[in-house]
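The values are calculated or read from the model by the stated rules, or taken from the named source; none is laboratory data. All values reported here derive from a predicted model rather than from experimental measurement. FYI the Cβ positions are ideal-geometry reconstructions off the backbone, even for glycines, and counts take in every protein chain you see.
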Amino acid sequence: AIYTKGAMLGMDISKSLCLPFKIIEEALVFLKNEKCIDVSGGDLIGRASYKFNLTELGRRRAQDAMKVCGYVGPAPVSLEDYVDQTYKQAVTNLPVDPQALRDAFSHLVITDELFNAVGPAILSGKSIFIYGPPGTGKTSIAQAIGDFMNRKGGDIFVPYAFHFEGNIISIFDPAIHIPHEVQAEAPKDEAEAAIRRLLNTSNHDSRWVRIRRPVIITGGELSLSMLEPRYSPESNYYQGPLHVKANGGIFLIDDFGRQLCSPKELLNRWIVPLESRVDYLNLVSGQKFKVPFEQLTIFSTNLDPKDIVDEAFLRRMRHKVEINAPKRDIYEKIFEMYCKKLSMKPCPEAVDYLFDRYYSKGRSVRASDCRDLLETVASICRFRGSPVVLSRELIAEAAGSFIGDFA
């Protein structure tokens with residue numbers, strides 16, 4: 001930390017490493033005795049207020065250490081502690097309040113049959129296979145499940161990193177993990193703030209971050225290499241794979257069957273984790289280690305399941321949810337909902353046109369058409385500088401552009 005940031009107060013070193021000062025104090029005394037750091041006085045009483053800086057010898061040793069491992073940040077926890085904590089906050093058998101779940105789906109139009117299929121699937125924490133034709137709302141439903149887990153599933157703790165036999169694997173990812181916001185009482189002045197840092201009054205181990213249950217969505221870009229720790233030869237440590245960062249939350253594989261790897265390769269890679277809820281990760285040294293596979297895994301596809309999966313895979317999918325094309329009454333409700341979102345007055349003649357011109361002549365009824373067509377109508381109106389309104393003529397123009405002759 002001192003090598004990368006320059007001279008630091010003892011309490012700031014403690015904060016950077018997420019360790020109480022009393023833990024690092026002995027190491028600082030040792031480095032001073034080894035003439036690796038210089039020490040100057042501070043504003044408060046005690047070593048935590050001293051300013052520490054590297055000597056030339058200390059700088060050379062730090063450079064050598066950085067060649068071995070360039071990780072700089074909060075101290076990693078042990079693999080054993082990570083495994084133990086992950087199982088304590090597993091997704092299996094989380095309480096699912098039906099009303100809270102309905103609230104999470106309030107922006108969607110779904111049948112009671114579908115709602116009653118989704119609830120038990122979430123409660124079980126087991127894998128879910130969602131399938132059906134394109135544009136029927138599979139991704140929206142999967143994302144609604146993720147939103148419910150993220151907001152109502154309770155907070156969990158993830159470490160900044162863990163270590164295994166000299167290797168460091170980074171876990172916390174600010175692009176994925178949403179920290180829990182705690183409104184702490186503000187210090188009265190800088191002196192009180194400094195004292196708080198000195199005393200390290202946090203009520204939990206600061207090497208762990210309290211977050212909402214994570215929701216990770218991946219699509220066609222998913223490859224087998226993304227399911228292994230990613231090694232950086234420049235810094236000599238690892239980034240944890242996506243599904244490990246999803247532990248305690250949801251891992252959604254959207255557009256399943258269209259990944260960079262074949263469905264068979266992906267299923268072979270995950271056949272053991274889906275069954276045993278553990279995974280074995282590989283390091284560049286050839287070492288392997290076991291981690292929990294504790295997330296609600298959702299596969300979503302618009303391909304025919306018979307073309308991409310076999311019986312062995314389907315047996316491991318505890319819950320299979322088929323989402324078919326909406327019937328006209330459901331379609332009309334979805335259409336009306338999007339009209340309301342876009343501040344348009346509903347136009348029954350527009351729906352009549354779509355069914356007469358397209359859906360009755362072979363095009364599959366798609367819930368997503370409502371959003372896409374109405375947004376196109378809004379764009380046409382704004383481009384012409386006219387009020388955003390819906391009419392049979394405008395929906396026909398939008399459909400001609402969006403659907404064209406490919407229906």
Taking segment 257-287, which residues are surrounded by fewer than 17 Cβ atoms within 10 Å (Cβ to Cβ), among the hydrophobic types (A, V, I, L, M, F, W, C) and over 23 Å from residue 165 (Cα atoms)? 260, 261, 271, 272
From 114, 101, which residue is free of Cβ contacts under 8 Å to residues at least 60 places away in the same chain and assigned to a helix (DSSP H, G or I)? 101
Here the residues within segment 52-97 that are surrounded by 17 or more Cβ atoms within 10 Å (Cβ to Cβ), without any contact (Cβ under 8 Å) to a residue 60 or more places away in the chain and under 16 Å from residue 28 (Cα atoms) are 52, 54, 58
Counting only helices (runs of 4 or more DSSP H) wholly inside segment 283-364, the ones holding at least 3 residues that are in contact (Cβ under 8 Å) with a residue 12 or more places away in the chain and closer than 18 Å to residue 263 by Cα are 305-308, 311-316
Evaluation of residue 109 against (1) of a type in the set (A, V, I, L, M, F, W, C); (2) farther than 19 Å from residue 296 by Cβ; (3) in contact with a strand residue (DSSP E or B) (Cβ under 6 Å, 6 or more places away or on another chain) (one fails), failing number: (3)
Could you look through segment 221-246, keep only residues that are part of a loop (DSSP other than H, G, I, E, B) and aliphatic (A, V, I, L, M), and pick out the one that is surrounded by the fewest Cβ atoms within 10 Å (Cβ to Cβ)? 222
Could you tell me whether segment 153-166 includes any residue that is at pLDDT below 85, closer than 30 Å to residue 22 by Cα, touching a Gly at 6+ places or on another chain (Cβ under 9 Å) and of a type in the set (A, V, I, L, M)? no
Restricting segment 72-120 to residues that are within 19 Å of the chain's Cα centre (by Cα) and modelled with pLDDT under 90, the residue that is farthest from residue 332 (Cα to Cα): 90
(1) under 24 Å from residue 230 (Cα atoms); (2) touching a residue at least 24 places away in the same chain (Cβ under 8 Å); (3) in a strand (DSSP E or B): which one isn't true of residue 261, the others all being true? (3)
Looking at segment 365-407, which of its residues are among the basic types (Lys, Arg), in a helix (DSSP H, G or I) and either in contact (Cβ under 8 Å) with a residue 12 or more places away in the chain or outside the structural domain of residue 335 (by TED's automatic domain parsing) (or both)? 371, 392
Would you be able to tell me the number of residues in segment 118-174 that are in the same structural domain as residue 249 (by TED's automatic domain parsing) and at positive phi? 3
Somewhere in segment 40-56, is a residue in a helix (DSSP H, G or I), modelled with pLDDT of 90 or more, outside the structural domain of residue 209 (by TED's automatic domain parsing) and more than 37 Å from the chain's Cα centre (by Cα)? yes
Filter pass, residue 108 being buried (at least 18 other Cβ atoms within 10 Å of the Cβ) and either among the basic types (Lys, Arg) or not assigned by TED's automatic domain parsing to the domain that holds residue 334 (or both): no
